[in-house]
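K.L.:
I have a structure here, written as structure tokens, and I will follow up with some questions on it.
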Amino acid sequence: MHLEWSPNTKIDKKIWDRYRNLPIAGCKIQATYVWIDGTGENLRSKSKTMDYTPSSYKDCPTWDFDGSSTGLAETHSSDVLLCPVALYADPITQGNNKIVLCDTYNAEGKPTRTNFRHACMEALNQICDKDPMFGLEQEYQLMDLNNRPFGWPVMNGEPAPAGPYYCGVGADKAYGREIVESHYRACLYSGLDVSGVNAEVTPSQWEFQTGPTIGIKAADDLWMARYLLHRIAEDYGVAVSLHPKLFPNWNGAGCHANFSTKEMREDGGYKLIEEAVKKLEKNHAKHIKAYDPSGGEYNKLRLTGHHETSSVEKFSWGVADRSVSVRINRKVAQKQKGYLEDRRPSSNSDPYQVINALVRTICLNE
Ligand code: ADP
Ligand code: MN
Ligand code: MN
Ligand code: MN
Ligand code: MN
């Protein structure tokens, strides 16, 4: 299919404003349920009317969906359960309307194949006393409907080489900023802990960060931020790719995971960070398996040892070094306390899988 535009761009979005704020009688609100589908990468959503305003995910009923249409079940036994796990304000419909993040369970009540949140929570629940803190950096590429990066020459050819784009300013350097800013504000409105955004090395590639927060929230917020990004870019007629390596000669996309425990953040914590790095080194293969949705195949494309990455084959670490598996920020080395940055997770990794692997290796010695 060759479309230089999305049909969505033909819709006059201003007309929607006539309807968006229509008063609705009674206490009815719209709740959009969001979940990870059978690819482990893509999100799905559907909405239901509720006759009260929930103040927590616990106030939201479970629901179900057709698992056979989303790669999670067979047609003859297709009902898959949606269990609410986090509640957000809806920046699209606004008012008291909500977005409900869910995880998914099959007919036997077991987590589905792509529900990694369940195991992640089991790991985190064992180390509540350590106050585990996570900050996640999501890199992504804005795309046109030709499956070309947004703003790149449409059929072939490439923009001028990398250099001016990272944190760049100017119409010739930053492509699609309104989408990024809309998304950033929407995330803050919704109650996500987004700590910042920046333009990345490849033109029309951008980044946002969730956290740093204790427990599962940075991962829940990351999935919700991905949902909002796809949804808001949809309004602009632009698509989003989380593919970690679209072009061999341009920087790919990662989802660096920053991690610390209470002890690492306290005086003398550097010793524990060094111990954690040693454990990560011993378990390199296990982590590569968990750090993208194809069990490491995506990262073979991305972790080449070039373009600010390390080799997928070999674990490495260093202070202020962006060509390693695990980087220690210079400030952390100077203060002898803080956190570590695992640079291996790919842009399309599941943060629940990543956090699960980090906690089990570093804190539970599995
Ligand atoms: P860089 O691009 O240089 O890696 P970023 O600012 O994009 O830097 O990312 C740094 C991340 O580190 C932020 O997402 C932040 O949430 C996280 N972070 C900061 N302090 C801690 C900490 N003590 N524990 C875990 N994560 C942390
Ligand atoms: Mn139907
Ligand atoms: Mn970053
Ligand atoms: Mn980055
Ligand atoms: Mn980083």
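K.L.:
Mind ordering 267-279, 176-188 by average Cβ neighbours within 10 Å, highest first?
P.N.:
For the peptides 267-279, 176-188, the packing ranking is 176-188, 267-279.
K.L.:
Cα to Cα, under 16 Å, and not fewer than 8 places away if on the same chain: which lysines meet these conditions relative to Lys282?
P.N.:
Straight-distance partners of Lys282: Lys314.
K.L.:
Want the number for Leu364 to Lys271: 0.36 nm per residue separation, take away the alpha-carbon distance, what's left?
P.N.:
Separation in residues times 0.36 nm, less the Cα-Cα distance, equals 31.8 nm.
K.L.:
Something else: Would you please state which residues of the stretch 240-271 a label at Tyr166 would reach in this model, taking the label point 7 Å out along Cα→Cβ and a backbone N cut-off of under 19 Å?
P.N.:
Answer for this model: 244-258.
K.L.:
Taking Lys262 as the anchor, which aspartates and glutamates have their alpha carbon closer than 13 Å to its alpha carbon, excluding any fewer than eight residues away along the same chain?
P.N.:
The qualifying aspartates and glutamates are Asp129, Asp131.
K.L.:
Given Lys130/Lys217; Lys300/Lys337; Lys14/Lys46; Lys10/Lys48; Lys278/Lys337; Lys245/Lys300, which pairs have Cα atoms separated by over 21 Å?
P.N.:
Lys300/Lys337; Lys14/Lys46; Lys10/Lys48
Quick note: the coordinates plus some simple rules give every number you see, no bench work behind them. Please read all numbers here as calculations on a predicted model, not as lab measurements. Virtual Cβ from ideal backbone geometry, glycine too; neighbours counted across all protein chains shown.
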